[in-house]
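Trainee: Okay, here's the structure, questions in a sec.
The values are calculated or read from the model by the stated rules, or taken from the named source; none is laboratory data. From a predicted model like this one, the values you see are computed outputs, not experimental measurements. Using ideal geometry, Cβ is built from the backbone for each residue, glycine included, and neighbour counts are taken over all protein chains shown.
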Amino acid sequence: MAAQTRTLISQTQLSRPRGKVLYWTIFGLVVAVFTLVFIGPLYWMVTGGFKTTQEVIQNPPTLFPQHPQIDAYTAAWRQLNMARLLFNTIYYAGGALVLQLVFCVAAAYALSKLRPVLGNVILGLMLMTLMVPAAVLIIPQYVTVVDLPIVHVNLLNTPWAIWLPSVANAFNIFLLKRFFDSIPEELMHAAAIDGASPLRTLWSIVLPMSRPILGVVSIFAVVAVWKDFLWPLLVLQDPSKQTLNVGVNGLAVGIQQNVLIAGLTLASVPAIIFFLIFQRGIMSGLTAGSLKG
Amino acid sequence: MTDIIEVGPIVAAVPHQRPRRTRTGGLRRNVRAHGFLIGAVACFALFSWYPMIREFIMAFQRTKRGQTTWVGWTNLQHITADPAFWQAWRNTIMYTLLALLLGFAVPFFVAVLLNEFRHGQAYLRILVYLPVMLPQVASTLLFRYFYDPGYGLFNQILHFLSLPGSSWLASKDTALISVVLASTWMNMGGATLIYLAALQGIPGELYEAAELDGAGVFRRIWHVTIPQTRLILSVLLLLQIVATMQMFTEAFLLTGGSGPEGSTLTVVYLIYNYAFNFNNFGSAAALGVVMLVVLAGFSGVYLWLERRTKEA
Amino acid sequence: MYARIYGEATQDGGPGALEYAKPLRWLPTTPQGSLIIGIHQKGSWMNTYRKMAAVALAAGVGLSAAACGSSSTKTTPGTGGSFSPVLDPATKVTISIDCAPAANKPVESKQWADDVAAFNKIYPNVTINAKPMTKCEDPAPFTAMLQGHTETDVFYTYFTDKQQVLDSGAAADITKYVTPQTVPALKDIQPAVLALNADGGKLYGLPRTNYTMGMIIDRALFKRAGLDPNKPPTTWADVATDAAAISKLGNGISGYADYSAANTGGWHFTAELYGLGGRMVDSTGKKAAFNTDLGKQVLQNLYDMRWKTGGIGAAQMIKWGDLQAAMAAGKLGMYISAPDDITYMTQTLKGNASDYGIGPMPGTQGALTGGDDYYFKKTDTPDQIKAGIAWLNFKLLTPGKGQFQYDRNKTGGLPVGIPEPEFFAAGSPSLTADNSNKLASATLPVANYEQFVSNPVTPVVEPPNAQAIYKVLDGAMSAVLTNKNADVAQLLAKAETDVNTVLANS
C-alpha cells in the first residue's frame, strides 16, 4: 500500500492503545452494520427466490429456505427472457457510452479550450436542462423521436431513441469541461506552436491527461441508461427490444411473490457480477477523477 | 490508491486558470470550435431545447377532438385550482428536505468515516456503491416487499427486537419517509464516493496545523473538512436538490404515486398524472413550466448566494 | 347458465343505468344496409333502451334481408361508385394490429398464428402484422402512442379511453363498414356495448371483451372459517361478518381487502357505490353525486372492517395485481373484481381453480361494467378498415371461432368457463351457441360461479373523466384504510369539492 496521506485523525493518535481499541471497535461495528445494511437485503432477495409462494410471505419469516426449490427461478427466467433483456440493456448502454465519449468530449473541449463565440451561452443553455424534470419533457421528446424534425425519421424501437437523447447530458459535459479547464493553457499553446491541430491536441494531449474524468463520465453514462425507466418504457415497446428495468416492471404486475423476487434476483445478478469484476476500475475512476474541491 | 496521488497534483495544479488568448484567426477558429460542438448541440436542440419550447407552447394550449386551441392562462388557473397542487408542492419540499437530511448528510459522514479507515476501505466502498448498480425497478420492488406490514422484513426485524411494527408505506405519517429511506439506500453510493474523492484531495498539513492548534475531531471537521470540500459540496447540494425535486420512479412503484391520502404525491407525479392518466397535456405542461420556473429561480438564488459568500 | 345479460337486467333496473353511454338508435339508411347511429336527445334511459333494442332488432332483421339481396343482385364490383363494406378479394391489404399475445403466452401465440393462417385461407389478400404485447395497455405508452400518432392500423383501447382517443383525433369512423354482412353477429351484440364504442352518432370500435364486477371469494378459506362457500355475501353487513371470520384464521390472512393506490381505489369506490345504488356524478356529468348516505356507507363499511370488526388486514396501498397475488397465495378471503381475475389467478399465478368462486356485487343495485375494444386509426384506407373488421369479426366476434373456440382453449390448457365476455344479448343465437360451446369444454368449476350468473345485477358504466375522479377518491379510500382517525363525512365532502373542481376544469 502506498503511504497513507494524512487524514482527519493522525496516524500517531491511532497508534496509541486507546486509539487502537476505539479504531477497531468502530471499524468492526461499521463493517458489521454496512454488511448487514447492504448485503442483507440482497441475501433476502436471493434466498426469497428459493422459497415457496407460501414461505416467502410467511409470518414469521425463515432465515433459510426450508425446502429450497428453483421453480420460482425457472418460472421467472421463462417469463423474463433475461438473456434478451440483458443483451439489449448492455447494447443500449454501450452505444450511449460511445456516443457520449465522442460528442460530449468534443463539446466540452470546444467550450473549455477553443472557446467559440456564444460558447458560454451554449453552456448556459445546456446547464439549464438540468433544471427541467425529465417527466415534463417526455411527451414533446417522444413526439420528436417519432418524427425527427427536418430528416423525418422514426426512431421508435431503435437503439437511436436511447442513444441520441443520452448525448444531451449536461452534467457530463459540465464535468468534462471543468476538468479540461484545469489543464494548463501553456500545454495547449505549446501544441499550437508545434503546429498541432485542435483535434490532434485533443487526442494526444488532453485525452491522455483526462483518463480519470473519462472514467467517471463513462460510469455515469452507463449507469444512466442502466437505471432509466420511463423513457425506455415509452420508446421501446417491442418486447424483444426492451430493457431490463422495463422487462422487470412488466413482470411485476400481479405475480406470485416468490417468482417476482426470483425475477428481481435474476435482473440484479448480472449487474452485481459486472460490478464485482470491474469494481477496481469503477471505484478508482469514481474516486480519482471526481471534482476536486 | 497510487493513481489517485499521481493524478491529484495535475488536477490541483492550475485550477480554473483563465486562458490568455490571442485574437487571431477568429473566424476559422470559431468555425472549427463549433464543428466540435455540433454533435452535442444537435442532440440538445432535438431532445432538450426543442421539447422545452414545445412544452412552453403546450402550456397555453388545449387539445380536444384533435383540435388544438390557444387557451391562454386557463391551464395555469386550472392547475392552481386543483387541490392536489399545493399538496404536491408541500410533499415535494418535504421530500427534498428529508432527502437532503438523509441523502446529503449521511453520505458525507459515511465518507468522512470511511476516509479514516486504514483497512477494508475497498470492501466498504463496494458495499456502499453496490445498490447503485442494481436495476432501479428491481431494488424499488424489493423494498416494497420489505415494507409489507405483515410479512415484510422490516416489521419482522422490529418484531424480533420486540419493537412495535410500523405501517411504512401504508400510513400517511410514514409513507414519505419510507420512500426517502428506500431512495437513500439505492442512491447514496454515488454521492459517498464523490465525497470520498474530495476528502482525499484535502492536504494533510491542514489537519496537522489544526491539531497543533488544539482542535478536536469535530472542530477539525468543521474548520478543515467542510471548508475544503465546500465547492464540491455546494455543487452536489444544488444538483441533489434539483434531482430529488424530480423524484418519480420510487414513489410511482412503492405507493402507486399518490400514497395514503396523497402523502407521497409529488409535483412530477402530478405532471405524470395530468399527462398520462387525465390526458390533459396543457395542464401537465403548465405545471412543468411552473416547476421549471421554481427550479430555475431556486438555482439562481443559490448561485447568487454562493458567489456572495465566496466574495465575502 | 350464462343467460345473464345487460338487456334483461337493464329492463328491470333502476334509472340511471348506463346513463353515460350515449344511447343509440339503429336505423337502416342505405339500400346496402349500413347503419347510422344517432344520439337520443332526451327521455329516460329505460325508454330509450327499449326503443333502441326494438329498433336494433328490426333493423337487424331488415338488414339481413337487405344484405342477402345486395349480395346476390346488387353488388357487382366495379360498378361506378357504389360503396361496399365488404373487402374486395382482389385488393392486397396490409394491416397492423397490437395487443397480440407475446412469447410469454405460448398457447395464445400459437392460437393467434393458427387463426391468422385460417383467416388467410378466406382472405389470402390480407397481410396481418401483429404487434405482440405483454401488457396491452399501460397509461404512459398508450398516451404517448396517441400523441405521437404511432398506433397500429387497428389498435387496442379500454372502453374508458374513448374520450382520450377521440380527443387526440386518432380514431377513424367505421360506421358504414360495420353491417350484418361484415359482422354477422352484429344483431346479437348488445346495443349498450356498441354504444360504448360510439360517439356523436358514429361508431369507432368493436368490442373485444367486457365484464361486470362481482365478489370473488376463496372457497377454501370460506370453508376453513366455517362459512358456506356457495353463498358469497351479497350485503356489506354480511361481507363484514364473513371477512371477520376469515381474518380470525390468522397467519396473515385478510378476510377482505381493497385497492387504494394508482387510481384503482377510486375505481373500487365507484363499483361499491354502484352496488348500493349510488352514482358518481349527476345527470349533467359535471357535478359530483357521491357525497350521500350511500357514499358514506361505502367508506364506513371499509373503515369498520379495517379498524373495528377486523375484516381487513394492515397491508395497504394496494393496487391492481396485489389482491390477485394475495388470493392466489391463499392469504385473502374475498375482494370485488371482474370474473376474469379467476382466469388470471389460475393461469398466471398457478392458483387452485376449485378454490375460486364468484357472487354478485354486494348491494346488488348495480355493477360496474367495463371492457376493451379495438379502434381504427384515422389514416386507415377504406380497404384497411374493411380488412380490420374482417379480422376482428373472425377473431373476436364469431361464436365457435377465434376467442370463442373453447375446445381449442381446453386442449391448449387454458381455463374455460368464466362468465365473460358477455356482450351477446340474452336469448340471441350467438349467446346460445356460445354458452353451449363453453359448457361443453369447461375446465373450470362453473358451479362456483352460479351465484354470480343467476343473480344478474344491472350494469352501470364508469363516470366521465373516470381516471381523474378515481384519483381523487384514492385519497378517501386510502384514508379510511390507513388512518384510524379518518372522518368519513369530512373525507367525502372534500372529495366532492375536489371532483367538482376537476370536472369544472375538464
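Trainee: Scanning for something surrounded by fewer than 19 Cβ atoms within 10 Å (Cβ to Cβ), in a loop (DSSP other than H, G, I, E, B) and either more than 7 Å from chain B (Cβ to nearest Cβ) or touching a strand residue (DSSP E or B) at 6+ places or on another chain (Cβ under 6 Å) (or both), does region A:169-183 turn up at least one residue?
Mentor: Residues of region A:169-183 surrounded by fewer than 19 Cβ atoms within 10 Å (Cβ to Cβ): A:171, A:178, A:181.
Those still in the list that are in a loop (DSSP other than H, G, I, E, B) too: none.
Checked against the condition, which is being surrounded by fewer than 19 Cβ atoms within 10 Å (Cβ to Cβ), in a loop (DSSP other than H, G, I, E, B) and either more than 7 Å from chain B (Cβ to nearest Cβ) or touching a strand residue (DSSP E or B) at 6+ places or on another chain (Cβ under 6 Å) (or both), region A:169-183 yields no hits at all.
Trainee: Next up: Which is within 21 Å of C:ILE246 (Cβ to Cβ), modelled with pLDDT of 95 or more and of a type outside the set (Ser, Thr, Tyr), of C:MET345, C:MET327, C:MET305? Outline the logic, then answer.
Mentor: Values: C:MET345 fails: modelled with pLDDT of 95 or more; C:MET327 fails: modelled with pLDDT of 95 or more.
From the options C:MET345, C:MET327, C:MET305, the qualifying one is C:MET305.
Trainee: Let me ask something else about it. Output yes when any residue across region A:217-239 is surrounded by fewer than 20 Cβ atoms within 10 Å (Cβ to Cβ), outside any helix (DSSP H, G or I) and modelled with pLDDT under 85, and no when none is.
Mentor: Yes, region A:217-239 contains at least one residue that is surrounded by fewer than 20 Cβ atoms within 10 Å (Cβ to Cβ), outside any helix (DSSP H, G or I) and modelled with pLDDT under 85.
Conditions tested, residue by residue: (1) under 15 Å from the mean Cα position of the chain (by Cα); (2) at pLDDT 80 or above.
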site: B:PHE154; (1), (2): no, yes
site: B:LEU163; (1), (2): no, yes
site: B:TRP168; (1), (2): no, yes
site: B:LEU181; (1), (2): yes, yes
site: B:TRP222; (1), (2): no, yes
site: B:VAL235; (1), (2): yes, no
site: B:VAL242; (1), (2): yes, no
site: B:GLU261; (1), (2): no, yes
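Trainee: Also: Does region B:152-174 contain at least one residue that is of a type outside the set (Lys, Arg), crowded, with 21+ Cβ neighbours inside 10 Å and out of contact with any helix residue (DSSP H, G or I) (no Cβ under 7 Å at 6 or more places or on another chain)? I'd like the intermediate steps shown before the answer.
Mentor: Quick first cut of region B:152-174, residues of a type outside the set (Lys, Arg) only: B:152-171, B:173-174.
From what is left, the residues that are crowded, with 21+ Cβ neighbours inside 10 Å are B:152, B:155, B:167-171.
From what is left, the residues that are out of contact with any helix residue (DSSP H, G or I) (no Cβ under 7 Å at 6 or more places or on another chain) are B:155.
Yes, the conditions are met somewhere in region B:152-174.
Trainee: Every residue in region C:225-250 that is within 14 Å of chain B (Cβ to nearest Cβ) and touching a residue at least 60 places away in the same chain (Cβ under 8 Å), please. Write out each step before concluding.
Mentor: Within region C:225-250, the subset within 14 Å of chain B (Cβ to nearest Cβ) is C:247, C:249-250.
Listed by number, the list holds a single entry, C:SER247.
Trainee: Test C:PRO415 against the stated conditions and say whether it is surrounded by 19 or more Cβ atoms within 10 Å (Cβ to Cβ) and either touching a residue at least 24 places away in the same chain (Cβ under 8 Å) or within 30 Å of C:ASP199 (Cα to Cα) (or both). Show your work before the answer.
Mentor: Working: surrounded by 19 or more Cβ atoms within 10 Å (Cβ to Cβ): no; either touching a residue at least 24 places away in the same chain (Cβ under 8 Å) or within 30 Å of C:ASP199 (Cα to Cα) (or both): yes.
Here the answer is no, as C:PRO415 does not meet what is asked.
Trainee: C:GLY277 versus (1) over 27 Å from the mean Cα position of the chain (by Cα); (2) surrounded by fewer than 24 Cβ atoms within 10 Å (Cβ to Cβ): which is the lone unmet condition?
Mentor: (1)
Trainee: Now a separate question. Is it the case that B:ALA59 is modelled with pLDDT of 90 or more, away from chain C (no Cβ under 13 Å), farther than 30 Å from B:ARG230 by Cα and out of contact with any strand residue (DSSP E or B) (no Cβ under 7 Å at 6 or more places or on another chain)?
Mentor: Numbers: modelled with pLDDT of 90 or more: yes; away from chain C (no Cβ under 13 Å): yes; farther than 30 Å from B:ARG230 by Cα: yes; out of contact with any strand residue (DSSP E or B) (no Cβ under 7 Å at 6 or more places or on another chain): yes.
Spelling it out, B:ALA59 is indeed modelled with pLDDT of 90 or more, away from chain C (no Cβ under 13 Å), farther than 30 Å from B:ARG230 by Cα and out of contact with any strand residue (DSSP E or B) (no Cβ under 7 Å at 6 or more places or on another chain).
Trainee: Consider region A:198-216. How many of its residues are modelled with pLDDT of 85 or more, farther than 16 Å from A:ALA107 by Cα and surrounded by fewer than 15 Cβ atoms within 10 Å (Cβ to Cβ)?
Mentor: 2
Trainee: Go through region C:126-136 and count every residue that is assigned to a loop (DSSP other than H, G, I, E, B) and either among the hydroxyl-bearing types (Ser, Thr, Tyr) or buried (at least 16 other Cβ atoms within 10 Å of the Cβ) (or both). Talk me through it step by step, then tell me what you get.
Mentor: To start, the set of residues in region C:126-136 that are assigned to a loop (DSSP other than H, G, I, E, B) comprises C:134-136.
Now restrict to residues that are either among the hydroxyl-bearing types (Ser, Thr, Tyr) or buried (at least 16 other Cβ atoms within 10 Å of the Cβ) (or both): C:134, C:136.
Adding up the residues that qualify gives 2.
Trainee: Select from region C:89-98 the residues that are at pLDDT 90 or above and part of a loop (DSSP other than H, G, I, E, B) and write down the one among them that is surrounded by the most Cβ atoms within 10 Å (Cβ to Cβ).
Mentor: Kept after step one, since they are at pLDDT 90 or above, are these residues of region C:89-98: C:91-98.
Now narrow it down to the ones that are part of a loop (DSSP other than H, G, I, E, B): C:91-92.
Details: C:THR91: 15, C:LYS92: 10.
Within region C:89-98, the match that is surrounded by the most Cβ atoms within 10 Å (Cβ to Cβ) is C:THR91.
Trainee: Is it the case that some residue within region A:15-31 is at positive phi and either modelled with pLDDT under 90 or assigned by TED's automatic domain parsing to the domain that holds A:LYS177 (or both)?
Mentor: Filtering region A:15-31 for residues at positive phi gives none.
No: region A:15-31 contains no residue that is at positive phi and either modelled with pLDDT under 90 or assigned by TED's automatic domain parsing to the domain that holds A:LYS177 (or both).
Trainee: Inspect all residues belonging to region B:245-258 and state whether any of them is more than 8 Å from every other protein chain (Cβ to nearest Cβ), within 17 Å of the chain's Cα centre (by Cα) and at pLDDT below 85.
Mentor: yes
Trainee: Filter region C:480-496 down to residues that are at the interface with chain B (Cβ under 10 Å from one of its Cβ atoms) and without any contact (Cβ under 8 Å) to a residue 60 or more places away in the chain and give me whichever is nearest to C:THR270 (Cα to Cα). I'd like the intermediate steps shown before the answer.
Mentor: Let us first name the residues in region C:480-496 that are at the interface with chain B (Cβ under 10 Å from one of its Cβ atoms), namely C:480-484, C:486, C:491, C:494-495.
This time we only want the ones that are without any contact (Cβ under 8 Å) to a residue 60 or more places away in the chain, so: C:483, C:494.
Working: C:ASN483: 20, C:LYS494: 16 Å.
Among those residues, the one meeting the criterion is C:LYS494.
Trainee: Among (1) more than 22 Å from B:GLY66 (Cα to Cα); (2) in contact (Cβ under 8 Å) with a residue 40 or more places away in the chain; (3) under 22 Å from the mean Cα position of the chain (by Cα), where does C:MET133 come up short?
Mentor: (2)
Trainee: Could you go through region A:264-284 and let me know if any residue there is touching a helix residue (DSSP H, G or I) at 6+ places or on another chain (Cβ under 6 Å) and in a loop (DSSP other than H, G, I, E, B).
Mentor: no
Trainee: Considering only region A:1-64, give the helices (runs of 4 or more DSSP H) lying wholly within it that have at least 2 residues that are in contact (Cβ under 8 Å) with a residue 40 or more places away in the chain and either more than 8 Å from chain B (Cβ to nearest Cβ) or of a type in the set (A, V, I, L, M, F, W, C) (or both).
Mentor: Details: elements: A:11-15, A:17-34, A:40-48, A:53-56.
By residue number, A:40-48, A:53-56.
Trainee: If we keep just the residues of region B:263-285 that are within 7 Å of chain C (Cβ to nearest Cβ) and of a type in the set (A, V, I, L, M, F, W, C), which is farthest from the chain's Cα centre (by Cα)?
Mentor: Of all residues in region B:263-285, those within 7 Å of chain C (Cβ to nearest Cβ) come to B:273, B:275-279.
From what is left, the residues that are of a type in the set (A, V, I, L, M, F, W, C) are B:275-276, B:278.
On the way: B:ALA275: 23, B:PHE276: 24, B:PHE278: 28 Å.
Within region B:263-285, the match that is farthest from the chain's Cα centre (by Cα) is B:PHE278.
Trainee: Quick check: anything in region C:146-164 aromatic (Phe, Trp, Tyr), modelled with pLDDT of 95 or more, under 21 Å from the mean Cα position of the chain (by Cα) and surrounded by 17 or more Cβ atoms within 10 Å (Cβ to Cβ)?
Mentor: We begin by selecting, within region C:146-164, every residue aromatic (Phe, Trp, Tyr); these are C:155-156, C:158-159.
Next cut, modelled with pLDDT of 95 or more only: C:155-156.
Next cut, under 21 Å from the mean Cα position of the chain (by Cα) only: C:155-156.
If we keep only those that are surrounded by 17 or more Cβ atoms within 10 Å (Cβ to Cβ) too, we end up with C:155-156.
Yes, there is a match, as at least one residue in region C:146-164 is aromatic (Phe, Trp, Tyr), modelled with pLDDT of 95 or more, under 21 Å from the mean Cα position of the chain (by Cα) and surrounded by 17 or more Cβ atoms within 10 Å (Cβ to Cβ).
Trainee: Let me ask something additional. Sort out which residues of region C:148-176 are within 13 Å of chain B (Cβ to nearest Cβ) and of a type in the set (S, T, N, Q), and write them in order of number.
Mentor: Scanning region C:148-176 gives C:THR157, C:THR160, C:GLN163, C:GLN164, C:SER168.
Trainee: Go through A:VAL248, A:VAL269, A:VAL235, A:VAL259 for me and flag whichever is under 23 Å from A:LEU99 (Cα atoms) and either touching a residue at least 24 places away in the same chain (Cβ under 8 Å) or away from chain C (no Cβ under 14 Å) (or both). First the steps, then the outcome.
Mentor: Details: A:VAL248 fails: under 23 Å from A:LEU99 (Cα atoms); A:VAL269 fails: under 23 Å from A:LEU99 (Cα atoms); A:VAL259 fails: under 23 Å from A:LEU99 (Cα atoms).
That would be A:VAL235, the only listed residue that is under 23 Å from A:LEU99 (Cα atoms) and either touching a residue at least 24 places away in the same chain (Cβ under 8 Å) or away from chain C (no Cβ under 14 Å) (or both).
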